[in-house]
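The values are calculated or read from the model by the stated rules, or taken from the named source; none is laboratory data. Note that this is a predicted model, so its numbers are computed, not measured. Note that each Cβ is placed from the backbone with ideal geometry, even for glycine, and that neighbours are counted across all protein chains shown. What goes into the accessible areas is simple: the full protein's heavy atoms, side chains included, and nothing from ligands, DNA or RNA. Shrake-Rupley method; radii C 1.70, N 1.55, O 1.52, S 1.80 Å.
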Amino acid sequence: MKITLKNLKRDYGTLHAVQDVSLTIPSNKIYGIIGRSGAGKSTLVRLISMLEKPDSGEVWYDEERVDNLSKKELIAKRRRIGMIFQNFNLFSSRNALENIAYPMEICHMEKGYIKKRSEELLALVGLEGRGDAPISTLSGGQKQRVAIARALAVQPDILFCDEATSALDPQTTRAILALIKEIQKKMNLTVVMITHQMEVVRDACDFVAVLDSGRVVEEGKVSEVFASP
Ligand code: ADP
Ligand code: ADP
């Protein structure tokens, strides 16, 4: 799914968190949004993912405008989005498999299907046989694998990764990025990757937008924006 942003603006009081952002995020690619802390990345992601409404401007998913939807329409539309975070946001009272099953339970999917699909997703992220592991016993990389499986459970078109590797060591970061790249290809996902780490963009992204003080200051193919001198 292609995402188009037109002149997005979001203020908090007198602070311009996102100013006049226009971008096209192409279908079936990995698109990085990079910038230092406070640049407006989280705000931009909340606007793109329909968690927050812009003060002005438009968000389009393919040929459909989504920034002005009703609450009911939003709930349906948000099923097309998966999200993963720096701190994983897993349920510590549930084991790995139960975490993955959760979004499917919310959607009232059939029990037998949920079980089968959860096991498939667990294998997809390389955790076969670890389904009954309590979350607290998993490493950071394993927790992010569970979070990725959970995000994919309801077959989204878009995966948002918000500083998804920022809490991980370099080796685990590379493994998680490799998994995201593999899954992106396999499932034809559009991936939006928010990061402050240049290595993440270089390693994993096809395109990048550089954000500074709420504005896009550079945008394009990673190979062109970050060309070696
Ligand atoms: P990040 O840099 O990853 O966005 P922050 O610690 O800046 O992390 O923000 C964490 C959360 O608090 C975000 O949802 C952000 O929008 C919100 N936030 C940040 N600054 C403020 C603020 N001045 N007032 C209220 N909420 C804020
Ligand atoms: P980043 O994710 O790049 O760190 P954010 O989008 O979190 O940037 O924040 C951009 C600016 O907006 C920061 O100055 C932050 O303090 C401010 N901000 C973010 N969310 C809120 C909020 N809910 N209320 C007030 N200020 C906010």
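Accessible area per residue (1.4 Å probe, heavy atoms of protein chains only) ranks 223, 49 as 223, 49, with the largest value leading. Under the criterion of Cα pairs below 8 Å and six or more residues apart, the relative contact order for the chain equals 29 percent.
Rounded to the nearest 20 Debye, what is the dipole magnitude of the stretch 1-157 about its Cα centre when Lys and Arg each give +1 and Asp and Glu each give -1 at the C-beta?
Numbers: 25 positive and 18 negative charges, 34 e Å.
Here the stretch 1-157 has a charge dipole of around 160 debye.
A Förster distance of 41 Å, applied to the separation of the beta-carbon atoms of residue 223 and residue 116, puts the FRET efficiency at 0.50.
Take the Cα of residue 60, step 7 Å toward its Cβ, do the same at residue 182, and the gap between the two points is 3.6 nm. When you filter the chymotrypsin sites (Phe, Trp or Tyr not before Pro) in the stretch 46-99 for DSSP loop state and at most 16 other Cβ atoms inside 10 Å of their Cβ, you are left with 91. Entry for the chain at q = 0.10, 0.11, 0.14 Å⁻¹: log10 I(q)/I(0) = -0.46, -0.55, -0.89, Debye formula applied to identical alpha-carbon scatterers, no solvent contribution. Across the stretch 133-205, the relative contact order, built from alpha-carbon pairs under 8 Å that are at least six residues apart, equals 36 percent. Treating only the Cα positions of the stretch 1-136 as identical point scatterers, give the base-10 log of I(q)/I(0) from the Debye formula at each q in 0.16, 0.17 Å⁻¹. Scattering profile of the stretch 1-136, log10 relative to I(0): -0.98, -1.04. Helices in the chain, meaning DSSP H runs of at least 4 residues, each add -39500 (n - 2.57). Divided by all residues, the mean residue ellipticity at 222 nm is -11000 deg cm²/dmol.
The alpha-carbon of residue 71 sits under 20 angstrom from the alpha-carbons of these lysines, leaving out residues fewer than 8 places away in its chain: 53. The slack between residue 136 and residue 4, meaning 0.36 nm per residue of separation minus the straight C-alpha distance, is 43.6 nm. Using a simple spin-label model with pseudo-atoms 7 Å out from Cα toward Cβ, residue 70 and residue 14 lie 4.0 nm apart. Helix 170-187 and the long axis of the chain differ in direction by around 90°, with both axes built from C-alpha atoms.
Rounded to the nearest percent, how much of the accessible area of the stretch 1-57 (1.4 Å probe, protein heavy atoms only) is carbon and sulfur? Solvent-exposed carbon and sulfur of the stretch 1-57 make up 48 percent of the total.
The residues of the chain present an accessible area of 49 Å² per residue when probed at 1.4 Å with all protein chains retained. Computed in the context of the full set of protein chains, the accessible area of the stretch 70-175 at 1.4 Å probe radius has 51% of its extent on carbon or sulfur.
How many nm is it between the label spots at residue 203 and residue 89, if each spot is 7 Å from the Cα in line with the beta carbon? Output for this residue pair reads 2.2 nm.
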